[in-house]
Amino acid sequence: MAQRKDLRRIGVLLPSSSSVQEMDIGRALPKDITLHVARMRLNNVDAESTLRVVQEIEHESQKLADVDVDVIIFPATAPSSRNGPGYDQELIKRIKAASGKPATTASTALLEALHVLSVKQIVIGAPWSASVNQTVAAFLEANGVKVLAQEALGLVRNLEIGLLDPQTALDIGRRVDRPDADAVMLACGNWSTFPIIDQLERDLGKPVLTTNQVSLWHALKLMGSKPLDGLGVLLRQHLVERI
């Protein structure tokens, strides 16, 4: 019996209250790659919730393995950096062990992107609390990246974050930037950032990285996908299709 052989699949582990990522990542994918989602319980972006959410990571990874995805991503910066350097790799090991599939996290993807772009100094903007932002900054500092400045909007409910207009990302990116920063990071997967990445890069003259963007980039890199336009220099110039 004839079978389709033209499609590849990305599995995504999402916080249950996320409303942005399926739409943004799904629309950005090449036509030969489909998106498949599993959800782990999280309503608030706080210290306890970002730690508790990964209790379900094995169970939900197994579900994604059922559809035979090519790679699994956990596009959540705060939960994947929650316990400091090396924690992202622990989560990847858990996903791989449960699913038998290649995997990455937002924090892992961010570190890979910073390396590829030769970024040594960065600024961070985010919609969540200052304390969550500081955890992310500490993770980056522990991995050798200097955080020059950071700004947080102070939101806790993830549903509320998902309702923010992309203009909020553009505004905070402009405010938090510093002349000596090599790149700007807009953190949080449930924050709509895709529509403003190219504009902010033009305004600032430097790379702009976001949680969903780096996660998508690393997944496509692991799969050997061709470059994509519209999501900044990272996906435009730093993807090479495997032959």
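The values are calculated or read from the model by the stated rules, or taken from the named source; none is laboratory data. The model shown is predicted, which means the values in this text are computed figures rather than measured ones. Virtual Cβ from ideal backbone geometry, glycine too; neighbours counted across all protein chains shown. What goes into the accessible areas is simple: the full protein's heavy atoms, side chains included, and nothing from ligands, DNA or RNA. Shrake-Rupley method; radii C 1.70, N 1.55, O 1.52, S 1.80 Å.
Quick look at the values:
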| read-out | value |
| --- | --- |
| The stretch 143-243: GluC sites (Glu not before Pro) in DSSP coil with no more than 11 other Cβ atoms inside 10 Å | 241 |
| Residue with peak Gaussian network fluctuation, the chain [Cα springs, cutoff 10 Å], from 80, 18, 129 | 129 |
| Share of pairwise Cα separations in the stretch 61-111, more than 16 Å, in percent | 33 |
| Simple spin-label estimate for residue 23 and residue 167 in nanometres, 7 Å along Cα-Cβ | 1.6 |
| Share of carbon and sulfur in the accessible heavy-atom surface of the chain [1.4 Å probe, %] | 48 |
| Charged-residue dipole, Cβ positions (Lys, Arg, Asp, Glu), the chain about Cα centre, Debye nearest 20 | 520 |
| Unit charges on C-beta of K, R, D, E only; dipole of the stretch 112-243, Debye | 260 |
| Dipole magnitude of the stretch 1-96 about its Cα centre (Cβ charges: Lys, Arg +1; Asp, Glu -1), debye to nearest 20 | 200 |
| Of the GluC sites (Glu not before Pro) in the stretch 20-92, those whose Cβ has at most 10 other Cβ within 10 Å and which sit in DSSP loop | none |
| Residue of 189, 154, 125 that the Gaussian network model of the chain assigns the largest fluctuation, springs spanning Cα pairs under 10 Å | 154 |
| Gyration tensor verdict on the stretch 139-213 (Cα atoms; rounded if a/c is under 1.5, prolate if a/b is larger than b/c, oblate otherwise) | oblate |
| For the chain, built as a Gaussian network whose Cα springs stay under 10 Å, the top-fluctuating residue of 66, 171, 46 | 66 |
| Measure of compaction for the stretch 179-243 (Cα Rg per 2.2 N^0.38 Å) | 1.11 |
| Span-rule helices in the chain, defined as complete DSSP H runs reaching 24 Å or more along the axis (Cα) with Kyte mean at least 0.0 | none |
| Local electrostatic count at residue 129 - Lys and Arg +1, Asp and Glu -1, tallied over other residues with Cβ under 15 Å | -2 |
| Of 63/93; 96/221; 63/96; 63/226, pairs whose Cα-Cα distance is over 21 Å | 63/226 |
| Where trypsin sites (Lys or Arg not before Pro) fall in DSSP loop in the stretch 135-243, at most 13 other Cβ within 10 Å | 242 |
| Accessible area (Å², per residue) of the stretch 144-228, counting only protein heavy atoms and a probe of 1.4 Å | 37 |
| Local electrostatic count, residue 215, Cβ distance below 12 Å [Lys/Arg +1, Asp/Glu -1] | -2 |
